[in-house]
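First up is the structure itself, then whatever we jot down about it.
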Amino acid sequence: MSQTPWKTDKWFVSPWNFADPVREQLHFPKNVQFHDITLRAGEQQTGVIFTRDDKIRIAEGLAEAGVHRIEAGMPVVSPSDTAAIKEIVKRNLGPQVFAFSRCMVDDVKRAVDCGVSGVVMEVPSSTHIIELAYKWPLEKAIDLSIESTAYAHSQGLEVVFFPIDFSRAEMNWVLDLITRVANEGHMDALALVDTFGVLAPHAMQYLVRESKKRINKRLEAHFHMDFGLGIANTIMAVAEGVEVIHSTVLGLGERAGNIPMEETAMALLTLYGIDTGLKLDRLYGLARLVEELSGHKVASNRPVVGEQLFQIESGIIASWWQNCGKDNPTELFPYHWSVVGQPAPKVVMGKGSGIDSIKAKLQQLGVKATEEEAMSVVMAVKEYSLKTKALLTDDEFLRVLNATLPAKTVAVA
């Protein structure tokens, strides 16, 4: 790690992140991997539908971004899902390819037929959800898990055990269930599953530490965003030694979604110095692809991949950009746009524009104006933007400019 990991030529974050009293609390594993679940859990977001070809295109994008594992789908869902999984496996894109299944032997057989190398196997794990939502006797969850995980192992699959509603279960009960599956069935890894996003970050250390006392297996983090805490929970878990992160592109997923890969990877790299090996400059393009294929419109100010993150409207920030943007861009932005594949910053015209914004625009157009003339354009731009409640397009700016300074008319395209 460099002597100033908080300030490089690519980002500028708080030096306090790397203070010794902070760092001594962290116990990151040697390697952190991303297990992408966009093609399965991401499609569970209401209204999101991926065709076979969509899934293949997204899988290719994930591979190009350096994702370590792709959960390609759940074969039992549909013939289309099965076909997509088989084709993704066949293309040998680079990442490991897993399937998702219930703890049922028939589900595992379908995964085996798809040619995947691993399987994430789910079972209800809190007594209340087993009895109320599934209407099962408690022992059924254990018996099914033991039988099916042992069968998956016998077929050469890597098994990640996935206890649904782990975070709302009684601790001893769920760890007893998991221990029995590990001892009597098979488990290569255990997913810590916060199905409803209800775990607080300060409880995450407790969950990881209690799990480690009983389960000597690789731990994986699968958290939801119902209270907006999934990323914080994930980082807390990884800082306790959890090795694999389950995430989706854009945070797609049931209800408020799963944790977004792009934000989590960037936070780990810049705030903690943890390089996961992802090709972060592919994140913006991957986000645009998933936005298009999912029909899920991304907020323009979404962290990392929002389209307006590097647009400058504020007059004050435009002044900063003029003063030091070329040589010291991270005085204005916490990380350089190129790190995540974003377009370069640009000054845009709107109600928030100031005199420096207008001067820069006029200079770009080759228009010479006095301070008084420039200020008159500022006021006209503000008035126009207030009427339309939007930024000005280039043509709209030229019309406003020509109406305000008719002696300096500039041709409108």
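The values are calculated or read from the model by the stated rules, or taken from the named source; none is laboratory data. All values derive from a computational prediction rather than experimental measurement. Please note: Cβ atoms are built from the backbone with ideal geometry, for glycine as well, and neighbour counts cover all protein chains shown. Ligands, DNA and RNA are stripped out before the accessible areas are found, and what is left, the full protein with its side chains, is counted by its heavy atoms. Shrake-Rupley method; radii C 1.70, N 1.55, O 1.52, S 1.80 Å.
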> Once Kirkwood radius over Cα pairs in Å is worked out from the coordinates, which option in [x] 23.7; [y] 21.7; [z] 24.9 does it equal?
Replying inline: [x]
> What FRET efficiency comes out for the pair MET171/THR409, r = Cβ-Cβ distance, R0 = 45 Å, nearest 0.05?
Replying inline: 0.05
> Residue by residue through segment 236-244, which ³J(HN,Hα) values in whole Hz follow from phi under the Karplus form 6.51 cos²θ - 1.76 cosθ + 1.60 (θ = phi - 60°), with glycine and proline marked x?
Replying inline: 4, 5, 5, 5, 9, x, 5, 9, 10
>> Check which residues have an amide H placed less than 5 Å from MET349's amide H, if you skip close sequence neighbours.
In response: LEU392
>> With just the Cα atoms defining each centre, how far is segment 200-227 from segment 56-131? Give it in Å.
In response: 23 Å
> Classify segment 286-393: rounded, prolate or oblate, from the alpha-carbon gyration tensor (a ≥ b ≥ c, eigenvalue square roots; a/c under 1.5 rounded; otherwise prolate if a/b is larger than b/c)?
Replying inline: oblate
>> Please list, ordered by chain and number, the residues whose modelled amide H lies under 5 Å from the amide H of ILE274; skip anything fewer than 5 residues away on the same chain.
In response: LEU269
> At what distance in angstrom do the alpha carbon centres of segment 234-267 and segment 284-337 lie from each other?
Replying inline: 21 Å
> Using modelled amide H (1.01 Å from N, peptide plane; none on Pro or chain starts), what sits under 5 Å from the amide H of VAL242, excluding residues fewer than 5 places away?
Replying inline: none
> What is the distance, in nm, between label points placed 7 Å from the Cα along the Cα-to-Cβ direction at ASP20 and at HIS128?
Replying inline: 4.6 nm
> What dipole magnitude, in Debye to the nearest 20, does segment 169-296 give about its Cα centre under +1 on Lys/Arg Cβ and -1 on Asp/Glu Cβ?
Replying inline: 280 debye
> Rolling a 1.4 angstrom probe over the protein heavy atoms, how many square angstrom per residue are accessible across the chain?
Replying inline: 45 Å²
> Just MET204, MET379, MET187 to compare: in a GNM of the chain, with alpha carbon springs under 10 Å, which one fluctuates most?
Replying inline: MET379
> What pairs in LYS30/LYS86; LYS30/LYS90; LYS326/LYS361 have C-alpha atoms more than 24 Å from each other?
Replying inline: LYS30/LYS86; LYS30/LYS90
>> Once you order the gyration tensor axes a ≥ b ≥ c over the Cα atoms, which shape class does segment 88-238 get: rounded for a/c under 1.5, otherwise prolate or oblate by comparing a/b with b/c?
In response: oblate
>> What are the ³J(HN,Hα) couplings of segment 100-111, residue after residue, when phi is run through the Karplus curve with 6.51, -1.76, 1.60 and θ = phi - 60°? Round to Hz, x for glycine and proline.
In response: 10, 8, 6, 6, 9, 4, 4, 4, 5, 4, 5, 5
> Okay, helix-only estimate at 222 nm for the chain: each DSSP H run of n ≥ 4 adds -39500 (n - 2.57), divide by all residues, round to 500 deg cm²/dmol; what do you get?
Replying inline: -12500 deg cm²/dmol
> Quick one: length gained pulling GLU292 to LYS10 fully straight, 0.36 nm per residue minus the C-alpha distance?
Replying inline: 98.7 nm
> How much length is gained if the chain between GLU371 and SER78 is pulled fully straight, taking 0.36 nm per residue apart and subtracting their Cα-Cα distance, in nm to one decimal?
Replying inline: 98.9 nm
> Under a point-charge model restricted to the Cβ atoms of Lys and Arg (+1) and Asp and Glu (-1), what is the dipole moment magnitude of segment 143-237 relative to its Cα centre, in debye to the nearest 20?
Replying inline: 380 debye
> What order do you get for 34-40, 398-404, 148-154 when each peptide is scored by the mean count of other beta carbon atoms within 10 Å, highest first?
Replying inline: 34-40, 148-154, 398-404
>> At 0.36 nm per residue, and after removing the present C-alpha to C-alpha distance, how many nm does the segment from GLN44 to GLN364 gain when stretched out fully?
In response: 110.5 nm
> Roughly how many percent of the accessible protein surface of segment 10-166 is carbon and sulfur, given a 1.4 Å probe and a whole-percent answer?
Replying inline: 51 percent
> So for the pair SER154, LYS109, with labels modelled 7 Å out along Cα→Cβ, what separation do we get in nm?
Replying inline: 1.2 nm
> In whole Hz, what ³J(HN,Hα) sequence does segment 301-310 give by Karplus (6.51, -1.76, 1.60; θ = phi - 60°), x for Gly and Pro?
Replying inline: 9, 4, x, 6, 10, x, 6, 10, 4, 10
> How far apart, in nm, are the 7 Å Cα→Cβ label points at LYS387 and HIS27?
Replying inline: 6.5 nm
> For the chain, what is the percent of antiparallel DSSP beta bridges, rounded to the nearest 5?
Replying inline: 10 percent
> In debye to the nearest 20, how big a dipole does segment 1-153 give about its Cα centre with +1 on each Lys and Arg Cβ and -1 on each Asp and Glu Cβ?
Replying inline: 300 debye
> Using a ≥ b ≥ c from the Cα gyration tensor of segment 258-332 (square roots of the eigenvalues), is it rounded, prolate or oblate, where a/c under 1.5 gives rounded and otherwise the larger of a/b and b/c decides, a/b for prolate?
Replying inline: oblate
